[in-house]
C-alpha cells in the first residue's frame with residue numbers, strides 16, 4: 001500500500017488507460033477523484049469498483065479540455081478529498097487523417113485536448129500543491145508517438161511531443177517545491193477506444209507482431225503510474241518512462 005493516505009486526481013478516468021490508472025492507484029492505497037467529461041455509467045462503474053476496494057472514490061465530471069472547467073474539476077476534487085497529492089493528467093483526443101486533407105479545426109481540437117488541457121489542469125493542481133506545501137507528484141500520459149511520427153496522426157504526434165517538453169519544463173520549475181513531474185509513454189494499449197478504431201480482429205492479429213507478443217493493458221500503465229506517484233520515485237523528475245512492450249524495437253527486425 002505505497003500510496004496509503006494519499007489523494008489523487010485522474011482526468012479522463014472513466015475507461016481505458018485512465019480507468020486502469022485510477023484502479024491501480026486505489027489498489028496501492030490512494031483515494032481517487034475520478035474525472036470524465038460527463039457523469040456516465042462507465043464513470044460510476046469505476047467509482048464503484050474503487051469503493052469496493054475500501055478506498056474513497058469521488059466522481060468529478062467536467063471537460064478537462066477547457067480552462068474554466070479544469071479549475072472547477074480541481075476545486076471539486078480538493079473539496080471532496082481535502083487535498084491532491086497526485087495528479088495523473090490523461091486527457092487526449094485524436095482523429096486520424098491525411099495531412100493534405102486534414103481539417104484545421106480538428107487539428108486545433110486535438111492539440112487542445114491532448115496538450116493544452118494538460119497545461120490547464122496541471123497548473124491549477126500545482127498551485128494547490130505549492131500553497132499546501134509538502135511536495136506532490138504530477139504524471140502526464142504521453143505516447144510512443146513522441147518517438148515515431150506515425151502517418152495520418154499529424155495533430156496527435158505534434159501534441160504529444162509538445163506534452164513531453166512541457167512536462168520537463170514544469171519539472172524544472174517545480175523542483176524547488178519538491179513536486180516530481182514525469183511522463184509515461186504508453187505503446188499500443190488494448191482499450192475500448194482502440195477497439196472502436198481498429199476492431200477486435202485487427203487488434204487480435206496485431207498483438208503477436210509486437211516485441212512483447214501482446215498489446216499493453218491499462219493496468220500496465222496504472223502500475224507505472226503507481227511507481228512514479230510513490231516515494232520509490234522520489235529521485236525521479238523530468239523524465240519519460242516508456243511502457244510500450246518495446247514497440248520501437250520492431251524496426252530492429254525489419
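None of the figures in this text is laboratory data; all of them are computed from the coordinates on show. In this text the structure is predicted, and so the values were computed from the model without any measurement. In this analysis, Cβ positions are derived from the backbone assuming ideal geometry, glycine residues included, and neighbour counts consider all displayed protein chains.
For region 133-151, backbone nitrogen atoms closer than 19 Å to the point 7 Å from residue 240 Cα along Cα-to-C-beta are found at 138-151. Springs join every pair of Cα atoms under 10 Å in this Gaussian network model of the chain, and among 127, 178, 95 the largest mean-square fluctuation is at 127. Relative to the longest principal axis of the Cα atoms of the chain, the long axis of helix 218-229 lies at roughly 40 degrees.
Build a GNM of the chain with springs between Cα atoms under 10 Å apart, and of 172, 161, 28 the one that fluctuates most is 172. What angle, in degrees between 0 and 90 and rounded to the nearest 10, separates the Cα long axis of helix 117-132 from the longest principal axis of the Cα atoms of the chain? Taking Cα atoms only, the helix is inclined about 20 degrees. Computed per residue of the chain from DSSP H runs no shorter than four, each worth -39500 (n - 2.57), the mean residue ellipticity at 222 nm is -13500 deg cm²/dmol. Averaging Cα coordinates gives a centre for region 96-170 and one for region 189-237; these two points are 18 Å apart.
Its residue count N sets the reference 2.2 N^0.38 Å, and the alpha-carbon radius of gyration of region 102-152 equals 1.53 times that reference.
Using only the alpha-carbon atoms, how far is helix 16-27 inclined from the longest principal axis of the chain? Give it as 0 to 90 degrees, nearest 10. In the chain, helix 16-27 runs at an angle near 40 degrees to the longest axis. Within the listed set 93, 235, 102, the Gaussian network model of the chain (springs between alpha-carbon atoms below 10 Å) gives the highest mean-square fluctuation for 235.
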